[in-house]
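The values are calculated or read from the model by the stated rules, or taken from the named source; none is laboratory data. The structure displayed is predicted, hence computed values, not measured ones. Note that each Cβ is placed from the backbone with ideal geometry, even for glycine, and that neighbours are counted across all protein chains shown.
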Amino acid sequence: MKNILVTGGAGFIGANFVRYVVANHPTVHVTVLDKLTYAGNRANLAGLPADRVRLVVGDIADARLVNDLVQQVDAVVHYAAESHNDRSLRDPAPFIQTNIVGTYTLLQACVRYDVRFHHISTDEVYGDLPLRNAGMNDAADKFTPKSRYNPSSPYSASKASSDMLVHAWVRSFGLRATISNCSNNYGPYQHIEKFIPRQITNILSGRRPKLYGTGQNVRDWIHVDDHSRAVWLILTQGKIGETYLIGANGERSNLTVLQAILTAMGQPVDAYDHVHDRPGHDRRYAIDATKIETELGWQPQITDFSTGLQQTITWYRTHESWWQEEKATVEAAYQAVQTTEA
Ligand code: NAD
Ligand code: DAU
């Protein structure tokens with residue numbers, strides 16, 4: 001693997017992956033294709049060597065541009081997407097266009113030039129799981145590669161659609177592709193509309209954190225660096241046509257995570273507001289990562305959530321110029337639809 005195209009490489013997870021590749025695989029050259037939507041940011045790639053990383057600003061649904069770039073590389077790692085559930089509930093159109101039509105455009109180019117494709121997807125394609133009861137059998141109660149697709153939101157339905165396209169292109173056109181479905185990532189460079197950075201930057205900017213509903217919903221947190229290591233392994237050693245689930249046994253309720261943030265930032269544990277719940281809010285996600293662990297030997301390395309969280313808080317504290325300008329706009333957009341519960 002000498003030349004790779006990383007779509008969405010100026011976003012949260014894509015940029016962390018590009019940084020991982022530059023730091024760990026010195027012979028690889030990365031071309032980033034990114035539209036620089038509200039979620040993309042040139043600054044996420046700042047400081048990377050120009051002879052290793054090139055940023056092309058453009059749309060993954062632009063077939064001419066995509067054809068031109070795909071024929072220059074050995075592999076495509078496809079991160080680009082509209083990624084936020086709340087936005088997809090307000091306006092699904094860009095989710096259909098980018099996540100479905102954009103993925104289709106990349107698949108066509110990869111078939112035409114016989115280029116290896118890795119599709120980044122999400123555990124949300126499987127819908128949600130019931131909240132745990134005491135004594136429940138853990139292993140049988142998680143998503144596996146055999147779980148039924150059952151997406152809940154326009155975002156997760158568009159990602160499920162893109163997964164289906166990849167499967168069809170493998171079977172019908174011989175595309176050399178793999179898919180990974182990962183759980184909730186946290187770490188540096190995550191957009192401040194998302195749960196963890198939103199609450200950290202709320203506290204740093206003198207606002208109260210906002211919790212949807214009762215906060216009992218569970219997410220399965222993984223540090224973004226562990227996700228990057230897993231994707232590289234699948235790209236280089238994964239079996240064509242296979243799906244790998246990535247997760248780090250990081251199940252926590254939103255309330256628990258929020259209280260951990262409040263405590264780590266020296267705030268009382270009840271210094272937050274309850275706001276109205278997300279419509280259709282998925283209750284719980286949990287990944288069974290046995291397949292990638294046993295077949296590819298992957299294990300998460302950042303297993304202490306409180307250390308990872310503390311590092312993330314420090315990153316937002318020391319990178320105020322990265323998020324501050326946007327903060328008021330992001331909160332105003334939320335306030336237009338989210339009222340505080342009495
Ligand atoms: P993000 O919103 O932070 O970044 C998305 C990037 O894609 C941005 O840089 C944006 O400019 C770019 N982009 C959007 N539309 C584009 C288009 N039409 N053409 C080119 N570039 C475009 O998202 P993220 O959280 O980094 O997620 C990246 C990928 O990982 C997505 O596919 C998402 O579904 C998947 N994923 C995310 C998580 C998570 O916890 N955030 C977990 C599992 C999977
Ligand atoms: O599971 C993987 C998915 O994780 C990815 O596919 C998505 O791209 C990514 O955005 C994320 O989706 P979630 O909807 O789980 O993430 P979000 O950060 O929006 O919310 C996490 C949880 O926190 C969710 O239960 C809703 C809740 N929440 C969110 C926000 C923004 C709050 O309670 N308060 C908030 O202010």
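What to note about this one:
- Residue-level check: of (1) more than 19 Å from Gly11 (Cα to Cα); (2) of a type outside the set (Asp, Glu); (3) not in a loop (DSSP other than H, G, I, E, B), Arg132 misses just (3).
- Within region 254-292, the set of residues being more than 16 Å from ligand 1 (Cβ to nearest atom) and of a type in the set (Phe, Trp, Tyr) comprises Tyr272 only.
- One residue stands out among those in region 144-156 that are touching a residue at least 60 places away in the same chain (Cβ under 8 Å) and out of contact with any Lys or Arg (no Cβ under 8 Å at 6 or more places or on another chain): the one that is surrounded by the most Cβ atoms within 10 Å (Cβ to Cβ), which is Ser156.
- Within region 319-332, considering residues that are part of a helix (DSSP H, G or I) and touching a residue at least 60 places away in the same chain (Cβ under 8 Å), the one nearest to Ala46 (Cα to Cα): Trp322
- Some residue of region 136-143 being within 24 Å of Arg171 (Cβ to Cβ), touching a Gly at 6+ places or on another chain (Cβ under 9 Å) and crowded, with 23+ Cβ neighbours inside 10 Å: yes
- Whichever residue in region 272-303 is among the small types (Gly, Ala, Ser) and exposed (fewer than 14 other Cβ atoms within 10 Å of the Cβ) and, among such residues, is farthest from Asp226 (Cα to Cα): Gly280
- Some residue of region 119-134 being within 16 Å of ligand 2 (Cβ to nearest atom), of a type in the set (D, E, K, R) and modelled with pLDDT under 95: yes
- Residues in region 274-304 that are over 26 Å from Pro151 (Cβ atoms) and part of a strand (DSSP E or B): His274 alone.
- Some residue of region 23-32 being in contact with a helix residue (DSSP H, G or I) (Cβ under 7 Å, 6 or more places away or on another chain) and either of a type in the set (Asp, Glu) or under 27 Å from Ala160 (Cβ atoms) (or both): yes
- Scanning region 172-184 for residues that are in contact (Cβ under 8 Å) with a residue 40 or more places away in the chain and either away from ligand 2 (no atom under 12 Å from the Cβ) or hydrophobic (A, V, I, L, M, F, W, C) (or both) yields Phe173, Gly174, Leu175, Arg176, Ala177, Thr178, Ile179, Cys182.
- Residue match in region 154-162 (condition: modelled with pLDDT of 95 or more, among the polar types (S, T, N, Q) and within 11 Å of ligand 2 (Cβ to nearest atom)): yes
- Boolean, Asp68 is under 20 Å from Ser158 (Cβ atoms), surrounded by fewer than 22 Cβ atoms within 10 Å (Cβ to Cβ) and free of Cβ contacts under 8 Å to residues at least 12 places away in the same chain: no
- Lys239 away from ligand 1 (no atom under 16 Å from the Cβ), free of Cβ contacts under 8 Å to residues at least 24 places away in the same chain and not in a strand (DSSP E or B): no
- Residue, nearest to the chain's Cα centre (by Cα), within region 28-52, restricted to residues that are in contact (Cβ under 8 Å) with a residue 40 or more places away in the chain and part of a strand (DSSP E or B): Asp34
- Residue check, Ala109 more than 13 Å from ligand 1 (Cβ to nearest atom) and free of Cβ contacts under 8 Å to residues at least 60 places away in the same chain: yes
- Single residue of region 178-236 satisfying the filter (of a type in the set (Val, Ile, Thr) and part of a helix (DSSP H, G or I)) that is nearest to ligand 1 (Cβ to nearest atom): Val224
- Flag for Thr243 being hydroxyl-bearing (Ser, Thr, Tyr), crowded, with 19+ Cβ neighbours inside 10 Å, under 23 Å from Ala332 (Cβ atoms) and more than 9 Å from ligand 2 (Cβ to nearest atom): no
- Listed conditions (1) farther than 25 Å from Arg112 by Cβ; (2) surrounded by 22 or more Cβ atoms within 10 Å (Cβ to Cβ); (3) more than 15 Å from the chain's Cα centre (by Cα) are all met by His25, apart from (2).
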